[in-house]
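> Sharing a structure here in structure tokens format.
The values are calculated or read from the model by the stated rules, or taken from the named source; none is laboratory data. Fair warning: this is a prediction, and the values are worked out from it, not measured in the lab. Positions of Cβ are generated from backbone atoms using ideal geometry, with glycine treated the same way; all protein chains shown enter the neighbour counts.
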Amino acid sequence: MFDQLAIFTGSGQVLYQYNCNGKKFAEAQINAFINQIIISPVTAKDTLNGKYSIVNVTPTEKQTPRSFCSMFYLSRQPELYYVITYAEQSLELNKEAEATLDLALALWDSLEIDLQVTQNLKQNNDILAALTDDLMNFDEYLRAKYNESIKHVIKNVSTNEEEKTSVVEKSNNINRKNNKGNNNKGGRKWGRDGMVEDTSNIDSSVLDFSSTAISSSSTPAPASELDTSIDKDNFGSRTDKGEFLIKEIDDLLSTNVENKKEKLAEKDESSSSYLNSAFGFLQKNLLGNKTITDKDLKPVISSLKKKLISKNVAPEASDYLTNLVKKDLIGSKTESWTTVEDAARDSLTNALTQVLTPGVSVDLLHEIQNKTGTRTSDGRKNPYVFSVVGVNGVGKSTNLSKLAFWLLQNNFKVLIVACDTFRSGAVEQLRVHVENLAQLMDESHIRGSKNKRGKTGNDYVELFEAGYGGSDLVTKIAKQAIKYAGDEDFDIVLMDTAGRRHNDATLMSPLKSFAEQAKPDKIIMVGEALVGTDSVQQAKNFNDAFGRARNLDFFIISKCDTVGDMLGAMVNMVYATGIPILFVGVGQTYTDLRTLSVSWAVNTLMA
């Protein structure tokens, strides 16, 4: 059962409120929703797609200590918010909220309340006084209809979903092997023209995975040669309903941060004689109840800004965050046993948490299940389509393959589409990934063999390819692949795309027509933790490249295992666009993918 429903104007006047649990209406929940979704610029509320938007709200008020989920509808004329809040995301609660919003909007329209609201706003009349009778009727009808139908229907839907999931669930035997990595030195560097230069000393002949090289071998490569280093137990866990969830990033990358903290603590303890004095102890521990002024904050803000920039946070993002700290603290009083510096650090921690916390739903599994569970009028499958974009060399194909492995663990049939028709070897690279994934799902799969449809892969995962060519070929391949996926009962379509420089308008321009014609459900940009402050412009340019009607949906931040505590690129990309981070990459195997832990990222940045 959801918590409560509220309907209010753009100016904040509440027209209707209903707590279906019979409790006192929790105004703090609605205040938290307004603060995060309407007031905060990082949520980019005007870019939210779909009839109803689902957001996860992280309150900052003490009256509402826990996070909650909300589904809302924004009516533009007049500007009205229809908001339903509930404890957490689940298929049952999402459907209940959606059904309740459908009912509320239908009743609201039937009573023609919108017209009266518009008229009274123009005449500056008291809206509530003018709508008393209509709102009473609306309340009576809503409560009656909700108790009669929605509760009962949602309960039955939930039971059916649980039964369906228990039938679909099956176990997959994954081969776990650990081979030693290659010790060749090298890397890449960026030229002034934006092109990547390979500086590695690896013999290029060992990188030839083309079909010619495969066919020239007299026998297919044996299964024992697969180098995957798969540790599925560390990758994630399966719920009671059979859903495979990727773990949050945890202590995997925290060792260096903890060591750094210990060294700083030892240095402070040994070198600071001032804090060992009586006055130093009093200043550190007993100050409090001090009214904070701009003068008090100035040196503290300067220090915090330098700290953020040292962690690769862009100057404009640092300014935004420290301005939030100023707005939060100036005129307030420090708590007992708290210095101004401590208060500023706490405020900056809250600001970072607010920026990195997703403002839209990242519950992909239920979205995919909802779409793939229905069919078109002619009986074809409705595949869920992903498109992966990004600049050259950030790891698009590798992270696409990691995403594919997670989806395969959830028993989805995956079609990987080679839409990078420009880079030499791009198709062959995906072919190797598909062979690896096919062998992981079925140990009897013979590398280099074709499935029953004559394609690379097996019954679980398959590669759709059509060679190399220009941008016109990309859109053609995407359309053909989606149709093919529907005909052949694939659940997922994963489309790889060519890497492109974000500051080259000629290379970026085809993205708009690609999105308009392929119509992917989710466009994911792979960003690189190594890129630093340029990530702001990368994120903005890619988000703007699809036109006003379409935006990026999620980020995957790759190579987080290579930067230590310099995670500023995460903050930069979310700050620049309001787009949430879906996953972070922490290695080069298929299980080196984690969901973002906001607390981990914030603690790492503040260390």
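> If Ala515 satisfies every condition in (1) out of contact with any Lys or Arg (no Cβ under 6 Å at 6 or more places or on another chain); (2) part of a helix (DSSP H, G or I); (3) buried (at least 21 other Cβ atoms within 10 Å of the Cβ); (4) of a type outside the set (D, E, K, R) but one, which is the exception?
The one condition Ala515 does not meet is (1).
Conditions (1) assigned to a strand (DSSP E or B); (2) more than 29 Å from Leu415 (Cβ to Cβ); (3) touching a strand residue (DSSP E or B) at 6+ places or on another chain (Cβ under 8 Å), marked per residue:
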{"site": "Ile523", "(1), (2), (3)": "yes, no, yes"}
{"site": "Val571", "(1), (2), (3)": "no, yes, no"}
{"site": "Val574", "(1), (2), (3)": "no, yes, yes"}
{"site": "Arg594", "(1), (2), (3)": "yes, no, yes"}
{"site": "Ser599", "(1), (2), (3)": "no, yes, no"}
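> Looking at (1) at pLDDT 90 or above; (2) touching a helix residue (DSSP H, G or I) at 6+ places or on another chain (Cβ under 9 Å); (3) aromatic (Phe, Trp, Tyr), can you tell me which one Phe514 breaks?
Result: Phe514 fails condition (1) only.
> I'd like to know if segment 393-405 contains one or more residues that are more than 28 Å from Gly379 (Cβ to Cβ), of a type in the set (Phe, Trp, Tyr) and surrounded by 23 or more Cβ atoms within 10 Å (Cβ to Cβ).
yes
> May I ask you to verify whether Lys95 is under 30 Å from Tyr460 (Cα atoms) and at pLDDT 85 or above? Before you say what the answer is, go through the steps one by one.
Working: under 30 Å from Tyr460 (Cα atoms): yes; at pLDDT 85 or above: yes.
Judged against the criteria, Lys95 is a match.
> Restricting to segment 1-18, what's the tally of residues that are more than 14 Å from Cys69 (Cβ to Cβ) and modelled with pLDDT of 85 or more? First the steps, then the outcome.
The first filter runs over segment 1-18 and keeps only residues more than 14 Å from Cys69 (Cβ to Cβ), leaving 6-18.
Okay, now just the ones that are also modelled with pLDDT of 85 or more, so 6-9, 14-18.
Of the residues in segment 1-18, 9 are more than 14 Å from Cys69 (Cβ to Cβ) and modelled with pLDDT of 85 or more.
> What is the residue count in segment 321-377 for residues that are in contact (Cβ under 8 Å) with a residue 60 or more places away in the chain, more than 29 Å from Leu552 (Cα to Cα) and either of a type in the set (Phe, Trp, Tyr) or not in a helix (DSSP H, G or I) (or both)?
Within segment 321-377, residues that are in contact (Cβ under 8 Å) with a residue 60 or more places away in the chain, more than 29 Å from Leu552 (Cα to Cα) and either of a type in the set (Phe, Trp, Tyr) or not in a helix (DSSP H, G or I) (or both) number 0.
> Turning to a different aspect of this structure: Would you call Val167 touching an Asp or Glu at 6+ places or on another chain (Cβ under 8 Å), surrounded by fewer than 17 Cβ atoms within 10 Å (Cβ to Cβ) and either assigned to a helix (DSSP H, G or I) or at pLDDT below 80 (or both)?
On the way: touching an Asp or Glu at 6+ places or on another chain (Cβ under 8 Å): no; surrounded by fewer than 17 Cβ atoms within 10 Å (Cβ to Cβ): yes; either assigned to a helix (DSSP H, G or I) or at pLDDT below 80 (or both): yes.
Answer is no for this residue.
> Would you pick out the residues in segment 49-76 that are assigned to a loop (DSSP other than H, G, I, E, B) and either in contact with a strand residue (DSSP E or B) (Cβ under 8 Å, 6 or more places away or on another chain) or modelled with pLDDT of 80 or more (or both)?
Passing the criteria: Lys51, Tyr52, Pro59, Ser67.
> Return the residue satisfying two criteria in turn: it lies in segment 2-25 and is under 28 Å from the mean Cα position of the chain (by Cα) and assigned to a loop (DSSP other than H, G, I, E, B), and of such residues it is nearest to Asp102 (Cα to Cα).
Ranking the qualifying residues of segment 2-25, first place goes to Phe2.
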